[in-house]
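Below is one structure, written out as structure tokens; the observations come after it.
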Amino acid sequence: MRVWQKFRDKLSASVQRPETRRAVTGMVIGLSLLAGIGIGAYRAWPAEEPASAVNVVTRDELNDLVQERVQTVIATLYPWVLDGPTQVVMVETPVNPLAEVEPEPQPEPEPEPVISFERLIWPVQGEIATPFGWYRHPVYGDWRFNAGVEFDATGEAVRTVLPGKVAAVNSNGLEMELVIEHGSGWASIYRSVTGIKVAPGEEVKQNQNIAVPGTSGRVFFGLTHNGQPVNPEAFLR
């Protein structure tokens, strides 16, 4: 009891001091401010709102709503669209250019005819006057190359030695030349002829009358393969 009495007397004495009263007053004011701030913050804290209910919309209702909005936009911004007649437009599916397209069947090329020299006929009736190859000219005396053979024609017709197609009819102002292609690179040449009866591009048969000998009576006949002269005497029978 004496201890408690002494503690109370000291506390009472200290309270009576001015500086102690000021300290206690400051502590009370500070505690009051902290309590006020806490109460205000608690009242200002936002209360949790209850979750709103979600309205379920069906697909049909959604389509109707979209259609209604579209009609409203058209009526407001593009009223002239609703004035004209309704036209149904069919939209075709675009063609994919990368899609595989079956190529159209191509006709097989016709094989070139096989040239047979077993029955190569003479182009004119007569004798060979100038053979194939090098010869000495009877008038000028110089050596010249003959790319075919020259005939002294006794008949009235110049005939095709093989079937083919007329490639060209040429003239140098002095004599006429007829060229016939036979396929596989082969061609026959008839020169110093007149009265030509065929035209370029025309198909001819073997032993067909195509011209007559010229006024000199000499007819040149030549054979070429891929543009190179070949000795006709090796095939004439």
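Whole Å is fine, so just give me how far the alpha carbon centre of the range 147-166 lies from that of the range 194-228.
Here the two parts' Cα centres lie 6 Å apart.
How high is the FRET efficiency from residue 136 to residue 170, r the C-beta distance, R0 22 Å, rounded to 0.05? Please list the in-between numbers first.
On the way: r = 28 Å, r/R0 = 1.25.
My answer for the efficiency is 0.20.
Please compute the alpha carbon radius of gyration of the range 117-237, then divide it by the globular-protein estimate 2.2 N^0.38 Å. Two decimals is fine.
Values: Rg = 13.6 Å, N = 121, 2.2 N^0.38 = 13.6 Å.
That works out to 1.00 for the range 117-237.
What's the exposure ranking of 225, 182, going from fewest to most Cβ atoms within 10 Å? Working shown, then result.
Values: 225 13, 182 22.
In order of increasing Cβ crowding within 10 Å: 225, 182.
If I stretch the segment between residue 194 and residue 72 completely, what's the gain in nm (0.36 nm per residue apart, minus their alpha carbon distance), one decimal?
Numbers: separation 122, 0.36 × 122 = 43.92 nm, distance 9.17 nm.
The span from residue 194 to residue 72 would gain 34.7 nm if fully extended.
Would you mind ranking 197, 205 so that the residue whose beta carbon has the fewest other beta carbons within 10 Å leads the list?
By the 10 Å Cβ count, ascending, the order reads 205, 197.
Rule-based calculations on the coordinates, nothing more; no lab input. What you are looking at is a predicted structure, and each value in this text was computed from that prediction instead of being measured. We place every Cβ from the backbone using ideal geometry, glycine too, and count neighbours over all the protein chains shown.
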